[in-house]
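Peer 1: This is the structure, below, for whatever I ask next.
The values are calculated or read from the model by the stated rules, or taken from the named source; none is laboratory data. As the structure is a computational prediction, the values presented were derived from the model and not from experiment. For neighbour counting, all protein chains shown are included, and Cβ atoms are generated from backbone atoms with ideal geometry for every residue, glycine included.
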Amino acid sequence: MRLPQSQAAVLETASATEAQTIERLAEETGRKPETVTGAVFDLRDEGLVAVEERTESSVDLTDEGRTYAEEGLPEIRLYRAAVGAGADEEPVQMGRVIGASGLDGPQVNIALSNYARKGYGRIESGEITADPDADPDEDAEAAALSAVAEGEEVTDATVLERLDSRGLVERSERTVRSVTLTDEGVTALMEGIEAAETVDRLTPELLTSGEWRDVEFTEYNVEADAAEYRGGKVHILRQTADRVKDVLVGMGFKEMAGPHADADFWINDCLFMPQDHPARTHWDRFALEVPPIHDLPEALVERVRTAHLEGVGDDGDGYHSPWSEDFARAVALRGHTTSLSMRYLSGHAVGELEPPQRYFSVEKVYRNDTLDPTHLLEFFQIEGWVMAEDLSVRDLMGTFEEFYRQFGITDLRFKPHYNPYTEPSFELFGRHPETGELIEIGNSGMFREEVLRPLGIDCDVMAWGLALERLLMLMYGFEDIRDVHGTLADLELLRETEVIR
């Protein structure tokens with residue numbers, strides 16, 4: 001019998017009494033596993049070998065998983081530090097506990113997102129408590145992590161799924177094929193095998209020499225195993241952000257840009273946010289220990305200070321609360337991109353603007369929120385404003401209806417709301433396509449005189465801040481934004497989600 005060289009080698013190496021895996025046959029024949037796999041399938045089709053298949057599962061630690069197996073899960077380290085600081089008896093400042101835990105960078109967010117979930121305690125208003133009855137030694141995820149590190153089997157599928165979603169383990173399955181000679185294969189060997197030289201690819205040399213006419217080509221086997229390669233792609237959140245930009249540009253808007261870390265003056269003071277507002281406390285904003293910003297327009301600083309202390313216009317009354325220029329110049333991570341709006345409306349960014357004007361931005365903001373399915377410590381905000389004469393809330397509502405219609409979202413709800421910087425104000429809600437619940441998707445209103453007058457604007461300005469991640473939830477039906485964005489993102493979900501055009 002005349003066979004291609006790879007098939008002849010496999011047939012001569014296989015046994016009728018002992019099943020051999022593809023890997024072993026590859027090692028003994030000195031050929032690649034994929035070459036041997038193709039040869040085995042061809043021999044099976046000829047009835048010369050029998051192939052038995054079984055699936056093997058394996059679980060391995062990722063680099064992050066190995067780190068936590070050695071040092072402990074971040075939430076456990078946070079709990080132990082909290083107990084050490086006395087948080088099992090009374091609330092303790094979170095910064096103090098985080099410092100004692102030795103956590104830094106992304107580990108802090110990971111610890112905070114899992115701390116309450118596991119019942120180790122609560123985190124509220126910048127303070128942390130620890131449940132004295134919690135027992136980190138009984139943590140199922142930590143135990144499973146140690147078991148994987150020791151090469152032991154983890155039987156709890158739920159715990160294993162959680163470790164996988166956290167990116168601490170990699171689970172894989174592979175098909176193991178075992179090969180044995182059939183009676184026909186034994187007979188063929190006894191009668192004699194002739195190895196024919198075959199070529200597995202067409203090369204430039206074969207074409208130019210003309211030898212391709214005389215060689216025998218190996219058959220292409222579409223059932224042979226092959227390595228799985230996954231190319232990179234643009235994150236679905238970034239794809240949605242780009243589409244948002246296209247829609248707003250199509251509606252006549254120009255894009256704004258500016259610093260992520262800025263003076264509190266631009267972030268809050270220009271918005272007529274009192275300096276003793278709860279959102280401006282040390283624990284609710286991410287203050288940075290860097291030198292203050294001195295490059296502020298002095299005349300504008302004075303007008304804003306006056307608005308806070310005395311109000312604007314004959315009926316203005318101000319806040320009757322202290323106002324510190326040092327606090328206004330202090331640097332923090334922006335809690336909203338309205339800091340960009342203040343820079344542009346004041347003329348500080350691109351010069352004085354004459355109405356009508358339309359501007360937007362889609363950029364990241366930072367807030368010390370409690371992590372849950374709809375809140376993260378950092379997220380993307382769709383900022384926008386229109387400056388023109390005789391604007392009204394109806395114009396603002398109509399803008400939203402047109403914008404969201406571009407994404408197939410028509411079921412919007414509007415709810416009156418209070419903002420220090422807009423009047424009237426309202427929140428936007430959209431209906432989740434899977435749960436049917438109304439979720440908040442943005443905040444908006446008409447800028448108050450106390451905001452516009454110091455900026456030197458004497459016409460109407462309607463403005464909004466919309467959540468890009470909430471738009472994503474309405475478009476795709478995601479129920480937990482942490483699956484899409486952040487340290488616990490579900491990579492498989494991101495790979496498999498079909499992009500909506």
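Peer 1: Between a first residue in segment 145-162 that is over 19 Å from Thr67 (Cβ atoms) and a second residue that is surrounded by 12 or more Cβ atoms within 10 Å (Cβ to Cβ) and at pLDDT 90 or above, which pairs have beta carbons less than 7 Å apart while being 6 or more apart in sequence or on different chains?
Peer 2: Cβ pairs passing all conditions: Asp156/Ala140; Asp156/Ala144.
Peer 1: Another question about this same structure. In segment 63-79, which residue that is touching a Gly at 6+ places or on another chain (Cβ under 8 Å) and more than 14 Å from Leu168 (Cα to Cα) is surrounded by the most Cβ atoms within 10 Å (Cβ to Cβ)?
Peer 2: For segment 63-79, the residue satisfying everything is Tyr79.
Peer 1: Oh, and also: Taking segment 136-182 as the region of interest, how many residues are among the hydrophobic types (A, V, I, L, M, F, W, C) and under 30 Å from Gly47 (Cα atoms)?
Peer 2: 3
Peer 1: If you don't mind, another one. Among the residues of segment 235-271, what is the count of those that are outside any helix (DSSP H, G or I) and not basic (Lys, Arg)?
Peer 2: 14
Peer 1: Could you check how many residues of segment 86-122 are more than 25 Å from Ala143 (Cα to Cα) and surrounded by 17 or more Cβ atoms within 10 Å (Cβ to Cβ)?
Peer 2: Qualifying residue count, segment 86-122: 3.
Peer 1: Further, regarding this structure: Does segment 240-247 include one or more residues that are at pLDDT 90 or above, over 27 Å from the mean Cα position of the chain (by Cα) and small (Gly, Ala, Ser)?
Peer 2: no
Peer 1: Within the set of pairs 6 or more residues apart or between chains, which connect a residue that is touching a residue at least 60 places away in the same chain (Cβ under 8 Å) inside segment 448-473 to a residue that is in a helix (DSSP H, G or I) and of a type in the set (Lys, Arg) with Cβ atoms less than 6 Å apart?
Peer 2: Pro454/Arg303
Peer 1: Follow-up. Within segment 194-208, does at least one residue satisfy the condition of being closer than 22 Å to Arg44 by Cβ, of a type in the set (A, V, I, L, M, F, W, C) and touching a residue at least 60 places away in the same chain (Cβ under 8 Å)?
Peer 2: There is at least one residue in segment 194-208 that is closer than 22 Å to Arg44 by Cβ, of a type in the set (A, V, I, L, M, F, W, C) and touching a residue at least 60 places away in the same chain (Cβ under 8 Å).
Peer 1: Out of Ile98, Ile128, Ile123, report the one residue that is closer than 15 Å to Ala85 by Cβ, hydrophobic (A, V, I, L, M, F, W, C) and without any contact (Cβ under 8 Å) to a residue 24 or more places away in the chain.
Peer 2: Residue meeting the stated conditions: Ile98.
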